[in-house]
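Chemist: My questions will all concern the structure given below.
Computed from the coordinates by the stated procedures, all read-outs in this text should not be read as laboratory data. All values derive from a computational prediction rather than experimental measurement. For neighbour counting, all protein chains shown are included, and Cβ atoms are generated from backbone atoms with ideal geometry for every residue, glycine included.
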Amino acid sequence: MSYKHIVVALDLGDHSEYLANRAAKLAKALGADLSFIHIDVNYSEVYSGLIDVNLVDTQVASTKLSNQKLKDLSDKLDYPVKIMLVGRGDLAEELYGAIQEREFDLVVCGHHHDFWGKLLSNTRRMISDMPIDLLVVPLED
């Protein structure tokens, strides 16, 4: 099977460079486009009640930081990154929308093999919800 546009779902944590490199090698071997997506926390869904925080400023700053981290990561690769997307909200929902809009045909994501990875993983939902192929890369801590 040949893929034309691979998107890597990145949490911008410690393993992001490893995951991006793995996806870049695959894209290079296939001659496919490579893109990144990162979904930030939607702070308006996290905070409830009264709190003295300017959520708009916080979200703008968070998006700028995420964009810069994606750019820094793409600069380290020996393969071009076509699109860098930063969204906000639920990973599976935002990724599904990006797939429909951008015509990605493979999602690459990581999965931690630790307690928290088993308890809080998005991978199970992604397996159920993705309309395209999903490559899950194991990440060891």
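Chemist: Give me the net charge for the shell around L73: Cβ to Cβ below 13 angstrom, other residues only, Lys and Arg +1, Asp and Glu -1.
Modeler: Values: positive: R22, K69, K71, K76; negative: D11, D14, E17, D72, D75, D78.
Local charge sum for L73: -2.
Chemist: So if we plug the beta-carbon distance of I132 and D90 into 1/(1 + (r/R0)^6) with R0 = 22 Å, what FRET efficiency do we get, rounded to 0.05?
Modeler: For R0 = 22 Å, the calculated efficiency reads 0.80.
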